[in-house]
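Some notes on the structure that comes next.
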């Protein structure tokens, strides 16, 4: 098959290259659109969670449904970490968005800062996980050193 073109050979090759480039860009955009993340809202009722060092209850907070984690009865003064692990999640990689609220207990000593966050890549029974957390009272401190530690990352149990 012969191609008839009114353009000189080099200009015809450049035009074909540009067309190929545009087609590749369109294919990449179409692929990116099909790969778009799906938004999933999770049902965080207490019976769907594996609780470690915690009790959970459904509450209203500022007019919205919320999940409250509390220390188990008899451990109200404990500073053990609490975990609520979502059962049956197939989440692997992506973006986690959540709204959290927390404050130190009313009977907490002044050096207790309070921690609230989200653990991810949680292994069975919470034996290993990565954690991103905030210390709400540190973010409002006059002490710059405390403010520097308002947001932190950990990889439990090896890198804390």
Residue within region 137-148 that is assigned by TED's automatic domain parsing to the domain that holds residue 96, closer than 19 Å to residue 69 by Cα and either touching a helix residue (DSSP H, G or I) at 6+ places or on another chain (Cβ under 8 Å) or surrounded by 13 or more Cβ atoms within 10 Å (Cβ to Cβ) (or both) present: yes
Test: residue 118 is assigned to a loop (DSSP other than H, G, I, E, B), within 16 Å of the chain's Cα centre (by Cα) and surrounded by 10 or more Cβ atoms within 10 Å (Cβ to Cβ): no
Selection from region 56-113 of residues that are in contact with a strand residue (DSSP E or B) (Cβ under 7 Å, 6 or more places away or on another chain) and part of a loop (DSSP other than H, G, I, E, B): 72, 82, 87, 96, 98, 100, 101, 102
Tally of residues being outside any loop (DSSP other than H, G, I, E, B) and modelled with pLDDT of 85 or more across region 125-142: 7
Any hit, region 148-157, residues being closer than 20 Å to residue 44 by Cα, under 16 Å from the mean Cα position of the chain (by Cα) and modelled with pLDDT of 85 or more: no
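The values are calculated or read from the model by the stated rules, or taken from the named source; none is laboratory data. If you're wondering where the values come from, they're calculated on a predicted model, not measured in any experiment. Ideal geometry is used to build each Cβ from the backbone, glycine not excepted, and the neighbour counts take in all protein chains shown.
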